[in-house]
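The values are calculated or read from the model by the stated rules, or taken from the named source; none is laboratory data. The shown structure was predicted, so the numbers you read here are calculated from the model rather than taken from an experiment. Ideal geometry is used to build each Cβ from the backbone, glycine not excepted, and the neighbour counts take in all protein chains shown.
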Amino acid sequence: MTQADLVVVANRLPVDRVVDASGEPSWRRSPGGLVTALEPVMRRADGAWVGWPGQPDIDVEPFEFEGAHLVPVRLSADEVEKYYEGMSNDTFWPLYHDVIAEPRYRRVWWDAYVRVNERFAAAAAEVAADGAEVWVQDYQLQLVPRMLRELRPDLTIGYFHHIPFPAYGLYSQLPWRRQVLEGLLGADVIGFQRVADAGNFARAVRRVLRYATKATGITVPQEDGSTRNALAKAFPISIDAASYIELARRPDIQARAAEIREGLGNPKKILLGVDRLDYTKGIRHRLKAFGELLHDGRVSVEDVTLLQVASPSRERVEAYMQLRDEIELTVGRINGDFDTTGHTAIRYLHQAYPREEMVALFLAADVMLVTALRDGMNLVAKEYVAARVDNRGVLVLSEFAGAADELPSAVRINPHDIDGMKDAIMRAIEMPAAEQGRRMRALRKRVMDYDVARWSRSFLEALDEAKAARRSTSATRGES
Ligand code: G6P
């Protein structure tokens, strides 16, 4: 049986199950950023990844994939509905994104969440070697750190929260606010995207649990009357910038970018939005601003087209179905009002694309619109910047996306302020090449310096330090 020195625990495995024409299933690497981020780390000796294979009711034995040991966790259809669609994506997701949609608090969902978290913790406990490090990912698994610590006190546990952590006034709505904080505090290192997220977490810990916090340290009382220290700190996630740069330099991808422009009737300016179809992304606000610019005559469809890629997401959750209807109605209205036979206002694509096509879209776009109402980080902003090897293009970036902390040279917006957003879009459309270059160079420097390898390295270094500190404490106590 494999015993891993480093175990990643995430809701999803880093692979997707695909079934070919003859009905034979196989595995394909998932396109997600976390997978790329952790791949080199997993290749490190004896890495294992515990996760759900993405479909209900399938039984899969642990297997090796591209140098990593993968441990599938089975979820029944009922658990997918209650733990994943319900508690994770209809309770935590809206609550943690500032209640943009109304969170639903259902006790049967919570019960399933607890049960499934227990299953992930048990699977991790089984595969982790003696004294191993375990890195738990994201809001679907907030109870795992504590459960794991109870099962395996020898482990050093990290947790990274990929989404925002809300202000206490909102967090306090959660009926299970105490259990979640206790769950997270099972970890030795708790990572957040922004300094503000770590601050919100520490405040919730003070208010609900009355534990002492000091800067990034939290004093956690133990059952035996002693205390231990947990670190709660910002580690902003990033992208594999080099791979985007490599793609952006490929002649076939540059040719594809020209073809995309051609396909849109060669407008003077192309605006681009790329999002999972999610209410946190501010897609409706963006469409409203663009529709008004057309209505006011500040832009025309001959000159400017908005290309909106909205990839399908969580399609069985009610709020997502509603959002899709609203967006598609709005796109239809705007296009109906402003399209000509030769030009379209909005080219809307409810599809997901491979990375090559994404880079071609980035290269084709003069202005990238990231108008999130709340977003943990927003990696699309960083991907756009990395792809602009020509130092051209303008990033319009919401201050409510985590990326705003790191990318001050973007054109900053408050997406709730429609007039402000309209002016910012005009400024981006009209920005002289020299200013585009100045800003883009500064943005690129940040994204290239702080890439995803640096992110995972800094988190794992903090985990190593926690491990060393644990060892020296137990040595002082005379434990073996
Ligand atoms: C966000 C979350 C991830 C999640 C991803 C896609 O980025 O932080 O944990 O995996 O969205 O959502 P999905 O529900 O399809 O996994």
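Among residues of region 241-256 being surrounded by 19 or more Cβ atoms within 10 Å (Cβ to Cβ) and of a type outside the set (Ser, Thr, Tyr), the one that is modelled with the lowest pLDDT is Ala241.
With the structure loaded, tell me whether Thr91 is within 27 Å of Glu357 (Cα to Cα) and assigned by TED's automatic domain parsing to the domain that holds Leu170 or whether it fails that test. Taking the combined requirement at face value, the residue does not satisfy it. Would region 272-290 turn up any residue that is assigned to a strand (DSSP E or B) and away from the ligand (no atom under 16 Å from the Cβ)? Checked region 272-290: at least one residue is assigned to a strand (DSSP E or B) and away from the ligand (no atom under 16 Å from the Cβ). Taking the conditions exactly as written (farther than 30 Å from Pro94 by Cβ, touching a Ser or Thr at 6+ places or on another chain (Cβ under 8 Å) and in the same structural domain as Met426 (by TED's automatic domain parsing)), does Gly282 satisfy them or not? No. Among the candidates Leu329, Leu369, Leu293, which residue alone is at negative phi and within 25 Å of the chain's Cα centre (by Cα)? Only one candidate passes the filter, namely Leu369. The residues in region 13-27 that are within 16 Å of the ligand (Cβ to nearest atom), more than 15 Å from the chain's Cα centre (by Cα) and not aliphatic (A, V, I, L, M) can be counted, and the count is 2. For region 127-152, a residue qualifies if it is free of Cβ contacts under 8 Å to residues at least 60 places away in the same chain and of a type in the set (D, E, K, R), and the qualifying residues are Arg146, Arg149, Glu150, Arg152. Report whether or not Arg203 is in contact with a Phe, Trp or Tyr (Cβ under 6 Å, 6 or more places away or on another chain) and of a type in the set (Lys, Arg). Here the answer is yes, as Arg203 does meet what is asked. In region 257-301, what count of residues is obtained for those that are surrounded by 14 or more Cβ atoms within 10 Å (Cβ to Cβ) and among the acidic types (Asp, Glu)? Total satisfying the criteria: 3.
For Leu174, the requirement of being more than 16 Å from the ligand (Cβ to nearest atom), in a loop (DSSP other than H, G, I, E, B) and aliphatic (A, V, I, L, M) is met. Of the helices (runs of 4 or more DSSP H) entirely within region 362-457, those holding at least 1 residues that are free of Cβ contacts under 8 Å to residues at least 12 places away in the same chain and either assigned by TED's automatic domain parsing to the domain that holds Glu246 or under 16 Å from Gln193 (Cα atoms) (or both) occupy 418-430, 433-449. Scanning region 303-337 for residues that are surrounded by fewer than 21 Cβ atoms within 10 Å (Cβ to Cβ) and more than 27 Å from Pro103 (Cβ to Cβ) yields a total of 6.
Among the residues of region 113-144, the ones that are part of a helix (DSSP H, G or I), within 16 Å of the ligand (Cβ to nearest atom) and not polar (S, T, N, Q) come to 6 in all.
Conditions first: (1) without any contact (Cβ under 8 Å) to a residue 40 or more places away in the chain; (2) away from the ligand (no atom under 16 Å from the Cβ); (3) closer than 22 Å to Val380 by Cα; (4) of a type in the set (Gly, Ala, Ser). Ser313 passes all but one, so which condition is the exception? Condition not satisfied by Ser313: (2).
The residue that is farthest from Gln322 (Cα to Cα), counting only those in region 95-133 that are surrounded by fewer than 20 Cβ atoms within 10 Å (Cβ to Cβ) and among the acidic types (Asp, Glu), is Asp130. When you check Leu95 against the structure, is it within 16 Å of the ligand (Cβ to nearest atom) and either modelled with pLDDT under 95 or outside any helix (DSSP H, G or I) (or both), yes or no? No.
Test Leu369 against the criterion of being buried (at least 16 other Cβ atoms within 10 Å of the Cβ) and away from the ligand (no atom under 16 Å from the Cβ), and give yes or no. Answer is yes for this residue. Just to be sure before I move on: is Gly67 modelled with pLDDT under 90, within 12 Å of the ligand (Cβ to nearest atom) and in the same structural domain as Phe165 (by TED's automatic domain parsing) in the structure I sent? Judged against the criteria, Gly67 is not a match. Only a single criterion out of (1) within 16 Å of the ligand (Cβ to nearest atom); (2) surrounded by 16 or more Cβ atoms within 10 Å (Cβ to Cβ); (3) more than 17 Å from the chain's Cα centre (by Cα) is not satisfied by Ala10, namely (3).
Checking the stated criteria, Ala242 turns out to be in a helix (DSSP H, G or I) and under 22 Å from Gly32 (Cβ atoms). Please specify each residue of region 215-246 satisfying the condition of being in contact with a helix residue (DSSP H, G or I) (Cβ under 7 Å, 6 or more places away or on another chain), within 17 Å of Phe192 (Cβ to Cβ) and not aliphatic (A, V, I, L, M). Scanning region 215-246 gives Thr216, Lys233, Phe235, Pro236, Ser238.
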